[in-house]
């Protein structure tokens, strides 16, 4: 094994000394054959990793199949499916209109963060964003809150950007925005964002997702507890 | 050795029962969390499986040794990152590049998976004998040092291992060449 091969080996082992690292870098810059061999080994590493992961994926899929349909339930599941199909047909006839529900439950959410001084000349980004929001310039507000989020990933930016999109009738974008929130956090925004996300799903005819979120909010202590409970009842 | 350390050791050795058990015990909570996003159930399961694979991979690379948090927490961190990645890919979110949490290592090799050369290598790798696959996996996948591989596979010494590795790679190159 040549010294160059040894260098590549040590690189992959993470055992290069400082001197060896310099030599490695030098060869990588100047030696075409060395570059080629290194590229080969990099790709080899990637292919082995990908192949190994695929094997493990197959095993997990088999495990999932075991978990998901324990065979003793299969016949019961088949019968249940038939019943569900009938029930769905019936319920489809008396399904509540999601647009109407959205209209009756949606209320614009006020600016609780920065009671603006209505100062048009405010220069900091949050002040500008909230001013736009307060003056119902929702397109501007959305863009500004997005900037704030890009800079600092602030939760309030997620909330108000999503709310702005809702006001603009852009529900897909509102959903994408709200999804940026880390729902494992239990803070002042969690249930507000969940509530409005639920309303977006409702508007988008994704009732099951809406119900899931509404259930969580109805169990919380937030200001939307009562509304979620009511809305859930109407959906069920 | 406490329970968490024991589980990590089992994961590092690829113990299937332990992997199964970790899979089953975290599954509901993950699905529950992921349901609020605009992802269909099949994809949720797919992402969960990827997270479990990442967990076991990192365990094998020794990255979980001395883990301060719970395994579930670690798994969840990876999972949440993967959910976000999935959302971004499928919707062209022109939004913030969420960074992978500092204490997690993960590369999805998305580009490499599309590379034809990599695909050929994968196919040829599968044709190698079991011993070659073992040696190469320990070195390239588990990132074990050669000294450790000598011990793990009970080779008489490092030179014997090195020449085996050399032969395996030479064989692989031939297989790739024949495949063209």
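Just so it is clear, none of the values below were taken in a lab; they were calculated from the coordinates. Here the structure is a predicted model, which is why all the values come from computation and not from measurement. All Cβ positions, glycine included, derive from the backbone under ideal geometry; neighbour counts span all protein chains shown.
What percentage of all Cα-Cα pairs in chain B are separated by more than 25 Å? Present the calculation step by step, with values, prior to reporting the outcome.
Values: 7656 of 16110 pairs.
Of the Cα pairs, 48 percent sit more than 25 Å apart.
Compute the long axis of helix B:3-12 from its Cα atoms, compare it with the longest principal axis of the Cα atoms of chain B, and write down the angle in degrees, 0 to 90, nearest 10.
50
Would you mind telling me which residue in A:150, A:69, A:192 has the biggest mean-square fluctuation in a Gaussian network model of chain A, where springs connect alpha carbons within a distance under 10 angstrom?
A:69
Taking only Cα atoms and a 10 Å spring cutoff, compute GNM fluctuations for chain A and point out the largest among A:177, A:123, A:52.
Ranking A:177, A:123, A:52 by mean-square fluctuation puts A:52 first.
Quote the relative contact order of chain B in percent (integer), defining contacts as alpha-carbon pairs under 8 Å separated by 6+ residues.
On the way: 108 pairs, mean separation 33.1, N = 180.
The value is 18 percent.
Under a 10 Å cutoff between Cα atoms, tell me which one of B:103, B:50, B:116 has the largest fluctuation in the Gaussian network model of chain B.
Sorting by GNM fluctuation, first place goes to B:116.
Rank by packing, highest mean first: peptides B:74-83, B:131-140, with packing defined as the count of other Cβ atoms within 10 Å averaged across residues.
On the way: B:74-83: 21.0, B:131-140: 18.9.
In descending order of packing, they fall as B:74-83, B:131-140.
Determine, from the Cβ-Cβ distance of residue A:29 and residue B:115 and an R0 of 22 Å, the FRET efficiency 1/(1 + (r/R0)^6), rounded to the nearest 0.05.
0.40
Compute the separation of the alpha-carbon centres of region A:203-220 and region A:161-193 and state it in Å as a whole number.
Region A:203-220 and region A:161-193 have Cα centres spaced 13 Å from each other.
Where the centroid of each part is defined by its Cα atoms, how far is region B:117-180 from region B:1-31 in Å?
For region B:117-180 versus region B:1-31, the Cα centre distance is 28 Å.
What shape does the protein assembly as shown take by its C-alpha gyration tensor, where a ≥ b ≥ c are the square roots of the eigenvalues and a/c under 1.5 counts as rounded, a/b above b/c as prolate, and the rest as oblate?
Working: a/c = 2.56, a/b = 1.69, b/c = 1.51.
Since a/c reaches 1.5 and a/b is larger than b/c, the shape of the protein assembly as shown is classed as prolate.
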